[in-house]
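Below you'll find the structure, written out as C-alpha coordinates, and then a few comments.
The values are calculated or read from the model by the stated rules, or taken from the named source; none is laboratory data. Keep in mind it's a predicted model, so treat the numbers as computed, not measured. So basically every Cβ, Gly included, is an ideal-geometry build from the backbone, and we count neighbours across all protein chains shown. What goes into the accessible areas is simple: the full protein's heavy atoms, side chains included, and nothing from ligands, DNA or RNA. Shrake-Rupley method; radii C 1.70, N 1.55, O 1.52, S 1.80 Å.
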Amino acid sequence: MDERGLIISLGEGGFFDSGSDVLKPEGRVLLDAIASALVPTDNHIRVEGHTDNVPIRNTRFPSNWELSTTRATTVVAYLIGRFKIEPERLSAGGYSEYRPVETNATGEGRSRNRRVDIVVLHPRYAQEEPR
(Lines give C-alpha, C1' and ligand atoms only; values in the text may rest on other atoms or scores of the structure.)
Protein backbone atom coordinates (compact mmCIF):
# COMPACT_ATOMS: atom_id res chain seq x y z
CA MET A 1 0.00 0.00 0.00
CA ASP A 2 1.01 3.57 -0.57
CA GLU A 3 -0.93 6.81 -0.74
CA ARG A 4 -2.10 6.00 -4.29
CA GLY A 5 -3.69 2.71 -3.24
CA LEU A 6 -2.92 -1.01 -3.33
CA ILE A 7 0.16 -2.00 -5.34
CA ILE A 8 0.43 -5.58 -6.58
CA SER A 9 3.94 -6.09 -7.91
CA LEU A 10 4.48 -8.79 -10.55
CA GLY A 11 8.13 -9.77 -10.78
CA GLU A 12 9.51 -10.35 -14.26
CA GLY A 13 10.65 -13.90 -13.53
CA GLY A 14 7.17 -15.25 -12.88
CA PHE A 15 5.43 -13.41 -15.67
CA PHE A 16 7.81 -12.66 -18.57
CA ASP A 17 10.99 -14.08 -20.02
CA SER A 18 13.89 -11.64 -20.09
CA GLY A 19 13.40 -9.08 -22.85
CA SER A 20 9.92 -10.42 -23.72
CA ASP A 21 6.38 -9.06 -23.47
CA VAL A 22 4.70 -12.48 -23.74
CA LEU A 23 2.98 -13.61 -20.54
CA LYS A 24 4.25 -16.98 -19.29
CA PRO A 25 1.59 -19.66 -18.71
CA GLU A 26 2.38 -19.81 -14.99
CA GLY A 27 2.12 -16.02 -14.82
CA ARG A 28 -1.33 -16.18 -16.37
CA VAL A 29 -2.49 -18.47 -13.55
CA LEU A 30 -1.44 -15.95 -10.91
CA LEU A 31 -2.75 -13.01 -12.94
CA ASP A 32 -6.10 -14.83 -13.19
CA ALA A 33 -6.30 -14.99 -9.39
CA ILE A 34 -5.43 -11.30 -9.06
CA ALA A 35 -7.83 -10.24 -11.80
CA SER A 36 -10.69 -12.25 -10.28
CA ALA A 37 -10.36 -10.13 -7.15
CA LEU A 38 -10.28 -6.90 -9.20
CA VAL A 39 -13.38 -7.56 -11.30
CA PRO A 40 -15.99 -6.75 -8.62
CA THR A 41 -14.29 -3.50 -7.57
CA ASP A 42 -15.05 -0.07 -9.00
CA ASN A 43 -11.52 1.26 -8.59
CA HIS A 44 -9.46 2.57 -11.46
CA ILE A 45 -6.47 0.32 -12.15
CA ARG A 46 -3.15 1.63 -13.46
CA VAL A 47 -0.71 -0.95 -14.82
CA GLU A 48 2.90 0.24 -14.69
CA GLY A 49 5.85 -1.41 -16.41
CA HIS A 50 9.38 -1.11 -15.00
CA THR A 51 12.83 -2.35 -16.04
CA ASP A 52 16.34 -2.35 -14.66
CA ASN A 53 19.01 -0.05 -16.10
CA VAL A 54 20.67 -2.60 -18.37
CA PRO A 55 20.09 -1.35 -21.93
CA ILE A 56 18.04 -3.61 -24.16
CA ARG A 57 18.73 -3.59 -27.86
CA ASN A 58 16.82 -6.07 -29.93
CA THR A 59 14.67 -5.87 -33.03
CA ARG A 60 11.44 -5.79 -31.01
CA PHE A 61 12.46 -3.28 -28.32
CA PRO A 62 15.02 -0.58 -29.11
CA SER A 63 15.00 0.59 -25.48
CA ASN A 64 13.69 -0.17 -21.99
CA TRP A 65 10.95 2.42 -22.55
CA GLU A 66 9.29 0.24 -25.20
CA LEU A 67 9.72 -2.94 -23.17
CA SER A 68 8.24 -1.49 -19.98
CA THR A 69 5.30 0.10 -21.80
CA THR A 70 4.54 -2.98 -23.88
CA ARG A 71 4.53 -5.23 -20.83
CA ALA A 72 2.05 -2.90 -19.14
CA THR A 73 -0.24 -2.84 -22.18
CA THR A 74 0.02 -6.65 -22.45
CA VAL A 75 -1.38 -6.93 -18.92
CA VAL A 76 -4.11 -4.36 -19.68
CA ALA A 77 -5.13 -6.25 -22.82
CA TYR A 78 -5.25 -9.48 -20.81
CA LEU A 79 -7.49 -7.89 -18.16
CA ILE A 80 -9.85 -6.59 -20.82
CA GLY A 81 -9.86 -9.70 -23.01
CA ARG A 82 -10.10 -12.43 -20.39
CA PHE A 83 -11.91 -10.67 -17.55
CA LYS A 84 -13.92 -8.01 -19.38
CA ILE A 85 -12.68 -5.30 -17.02
CA GLU A 86 -14.03 -2.06 -18.41
CA PRO A 87 -11.33 -0.27 -20.42
CA GLU A 88 -12.44 3.03 -18.83
CA ARG A 89 -11.14 1.70 -15.50
CA LEU A 90 -7.69 0.90 -16.88
CA SER A 91 -4.57 2.81 -17.86
CA ALA A 92 -1.03 1.74 -18.70
CA GLY A 93 2.33 3.41 -18.30
CA GLY A 94 5.94 2.53 -18.81
CA TYR A 95 8.65 3.94 -16.55
CA SER A 96 11.67 2.13 -17.96
CA GLU A 97 14.46 2.14 -15.35
CA TYR A 98 13.50 5.46 -13.75
CA ARG A 99 11.42 4.31 -10.77
CA PRO A 100 13.53 1.56 -9.20
CA VAL A 101 12.56 -0.07 -5.92
CA GLU A 102 16.12 -1.33 -5.33
CA THR A 103 19.61 -0.45 -6.44
CA ASN A 104 20.62 -1.46 -9.95
CA ALA A 105 24.16 -2.07 -8.68
CA THR A 106 23.41 -5.72 -7.83
CA GLY A 107 21.81 -8.59 -9.71
CA GLU A 108 19.23 -9.00 -6.97
CA GLY A 109 18.33 -5.31 -7.11
CA ARG A 110 18.04 -5.35 -10.90
CA SER A 111 15.79 -8.40 -10.64
CA ARG A 112 13.44 -6.61 -8.22
CA ASN A 113 13.29 -3.58 -10.53
CA ARG A 114 12.10 -5.68 -13.50
CA ARG A 115 8.40 -5.77 -12.72
CA VAL A 116 4.87 -4.79 -13.66
CA ASP A 117 2.89 -3.09 -10.91
CA ILE A 118 -0.88 -3.26 -10.81
CA VAL A 119 -1.98 -0.19 -8.87
CA VAL A 120 -5.56 -0.27 -7.59
CA LEU A 121 -6.05 3.45 -7.22
CA HIS A 122 -7.70 5.12 -4.26
CA PRO A 123 -10.73 7.02 -5.61
CA ARG A 124 -9.11 10.43 -5.11
CA TYR A 125 -6.24 9.44 -7.43
CA ALA A 126 -8.61 8.00 -10.02
CA GLN A 127 -10.12 11.49 -10.34
CA GLU A 128 -6.70 12.73 -11.48
CA GLU A 129 -6.56 10.26 -14.38
CA PRO A 130 -6.93 11.91 -17.80
CA ARG A 131 -10.40 11.81 -19.31
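Tabulated values for the structure
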item	result
With at most 14 other Cβ atoms within 10 Å, longest stretch of the chain clear of loop GluC sites (Glu not before Pro) (DSSP)	4-101
Loop-located trypsin sites (Lys or Arg not before Pro) in the range 18-100, at most 10 other Cβ atoms within 10 Å (DSSP)	Arg57, Lys84
Lys, Arg +1 and Asp, Glu -1 on Cβ, resulting dipole of the chain about Cα centre, debye, nearest 20	220
Nonlocal amide H pairs with Ser20, under 5 Å, H built at 1.01 Å	none
Distant-in-sequence amide H partners of His122 (H built 1.01 Å from N, under 5 Å)	Gly5, Leu6
Portion, in percent, of the accessible area of the range 87-131 that falls on carbon or sulfur, probe 1.4 Å	46
Radius 15 Å from Cβ of Arg57, net charge of other residues (Lys, Arg +1; Asp, Glu -1)	-2
At q = 0.21 Å⁻¹, base-10 log of I(q)/I(0) for the chain (Debye sum, equal scatterers on each alpha carbon)	-1.27
Principal-axis tilt of helix 25-38 within the chain, Cα atoms, nearest 10 degrees	30
20 °C / 1.002 mPa s Stokes-Einstein diffusion coefficient of the range 60-110, Kirkwood radius on C-alpha pairs, µm²/s	172
Cα-projected label distance for Arg60 with Arg28, points at 7 Å along beta-carbon direction, nm	1.5
Probe 1.4 Å, all protein chains present, accessible-area order of His122, His50, largest first	His122, His50
Whole-Å distance, taken between Cα centres, linking the range 40-99 and the range 101-131	10
Residue-wise HN-Hα coupling along the range 14-20, computed from phi with Karplus coefficients 6.51, -1.76, 1.60 (Hz; x: Gly, Pro)	x, 10, 9, 6, 4, x, 10
Accessible solvent surface per residue of the chain, calculated while the other protein chains remain in place, 1.4 angstrom probe, Å²	55
Degrees separating the helix 64-83 axis from the principal Cα axis of the chain, which is the longest one	30
Sequence-distant residues sharing a close amide H with Ala92 (under 5 Å, placed H)	Val47
Extension gain (nm, one decimal) between Phe83 and Thr106, 0.36 nm per residue minus Cα-Cα	4.6 nm
